Each structure stands twice: as structure tokens, then as C-alpha cells.
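Taking it in order: structure first as C-alpha cells, then the write-up.
Each value in this text was obtained by applying a stated rule to the coordinates, not by laboratory testing. If you're wondering where the values come from, they're calculated on a predicted model, not measured in any experiment. Neighbour counts run over all protein chains shown; Cβ positions are idealised from the backbone, glycine included.
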Amino acid sequence: MKYLHWKPLTELEETLEHLPSFSKSWDFDVDMYEDNGNIIVEMHVAGVKPDGLDIEVNENILRVTGSREEEKEKEGKHFFRKEIKRGAFERTLMLPADVQAESAEATFEHGVLKIVLHKEKTQHTHKIKIKAH
């Protein structure tokens, strides 16, 4: 009797890749942290040109949009896996604090987009006097 080698996880992964609701999302990982009173967002955007990125801040929402260029298919190329996402993308992040959008700065180096957002200076405590009648 001949035994078949069954790989259920591999079969499941291959099945899920073809379903739209379970397909893998963009691979633009983000680190967000506070440093010296600023909110820092670093996003790995390999394969994206800096002039193809747009960054918006609306209240405490950061939105980064752009696109990764389509690769020209070479005749005779046979893919075993094709996982690199191409085309337009959007990444929206909720910021942990209010920021001064007009003073935000962004740099791009070695495929890493770095956004520095200065935290809004707000009063943490405000006493309210009670008027008695």
C-alpha cells in the first residue's frame, strides 16, 4: 500500500491565498513610538519611490498612500511563488496623541519612511470653579 504525504497547513494556506477576504495584506510593517515628546512612525516601504508617497494627518489619524510599480512580466518566466504586492496601497493609523500636523517632518532612507510628529502641548489639568446660587 502506498502512503500519500499530506500537508494540511500547506493546502490551507494555498486555498486561503486565492480567497479575496483571506488574502494577505500589504507588507508595509510599521513601528510607532514616542521619543523626546514626538510621535515617531517608521514604515518599511521597499520598492516604493519617495515621490510616489502621500502623507496626511487629520486630527489623530495618519494616512499614508502610494503605489509600488508593477513589474514587467518577462516572457518564459515561471513563478513558483509571487507574494510581493504591487499597485496602489493605503495605510491608516490611529495616533496615540494629538499632534501638530503643520510641523510634521518625513524622511526616506534605505526603503524606510520615517515620520516625526510633534505632540500637541495641551494642559493636562484644568480646574473649574463652581458658581453657587
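For the reader, a short list of remarks on this structure follows.
- Interchain or long-range residues, amide H under 5 Å from Val112's placed H: Val45
- If the chain linking Tyr3 and Glu120 were pulled fully straight, counting 0.36 nm for each residue of separation and taking away their Cα-Cα distance, it would gain 35.6 nm.
- With both labels modelled 7 Å from their Cα along Cα-to-Cβ, the Asp35 to Ile84 distance reads 2.8 nm.
- Cα extents for region 65-116 along the principal axes, largest to smallest and rounded to whole angstrom: 52, 21, 15.
- Solvent-free Debye calculation, one equal scatterer per alpha-carbon of region 42-83: log10 I(q)/I(0) at 0.26 Å⁻¹ equals -0.99.
- Length gained when the stretch Ser103-Lys129 is fully extended (0.36 nm per residue, less Cα-Cα span): 5.9 nm
- Sparse packing (at most 14 other Cβ atoms within 10 Å of the Cβ) combined with a DSSP loop state is found for the following chymotrypsin sites (Phe, Trp or Tyr not before Pro) in region 43-111: Phe79, Phe80.
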